[in-house]
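Read the structure below first, then the notes.
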Amino acid sequence: MDLTANTKKWRQTLGNLGEQIASDYLVEMGFELWARNYRAHRLGEIDLIASKDDQALVFAEVKTRMAGQATLEDHSGQLAVDVRKQRKIINTAFHFVDLNRVKIGKKKRILQFDVMLIDYHLSRGQVLALLVADDIAMLRKHAKVLHIPEAFGRFQ
């Protein structure tokens, strides 16, 4: 597995780690995780679906960056969720709601769309070394999470 170049496998690995860190973060913050990488055929994918209260379902898009690519302050991951991507996520969320009406019930009437930015303050070589060593705990320690609630909407 070639994780040293800017390959699709490298980006997938980095993205999967970011999604795991984001889901762990949400659980630590008291959210109930409903789904990860929810796919609706031809509509799109939602990275994380969770809820914290009896009213809102949160649909989160996770963007992962490495040191030197972005800082949490510039929100470049949020900018990567363009209008086209937002529309796909919203349509996929409606699909999820339609298929899960019984589980969702009448209480969760608000759909909230968040962006979660995961920023590794490590170089590619450091991340690769930790992956090879299977030291996920250290990777999590060096990841900074910025959760942007209602980044592109909250609907009833």
Name the residues in region 133-145 that are surrounded by fewer than 17 Cβ atoms within 10 Å (Cβ to Cβ), not charged (D, E, K, R) and not in a loop (DSSP other than H, G, I, E, B), would you? Ile136, Ala137, Met138
Taking region 16-62 and keeping only residues that are modelled with pLDDT under 95 and touching a Phe, Trp or Tyr at 6+ places or on another chain (Cβ under 6 Å), one is left with Lys52
Starting from residues that are in contact (Cβ under 8 Å) with a residue 40 or more places away in the chain, part of a helix (DSSP H, G or I) and small (Gly, Ala, Ser), keep the ones in region 10-65 and report whichever is surrounded by the most Cβ atoms within 10 Å (Cβ to Cβ). Ala22
Tell me which helices (runs of 4 or more DSSP H) are completely within region 70-123 and hold 3 or more residues being exposed (fewer than 14 other Cβ atoms within 10 Å of the Cβ) and either modelled with pLDDT under 90 or not polar (S, T, N, Q) (or both), or say none if there are none. 83-99, 101-104
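The values are calculated or read from the model by the stated rules, or taken from the named source; none is laboratory data. What you see is a predicted model, and the numbers here were worked out from it, not measured in a lab. Please note: Cβ atoms are built from the backbone with ideal geometry, for glycine as well, and neighbour counts cover all protein chains shown.
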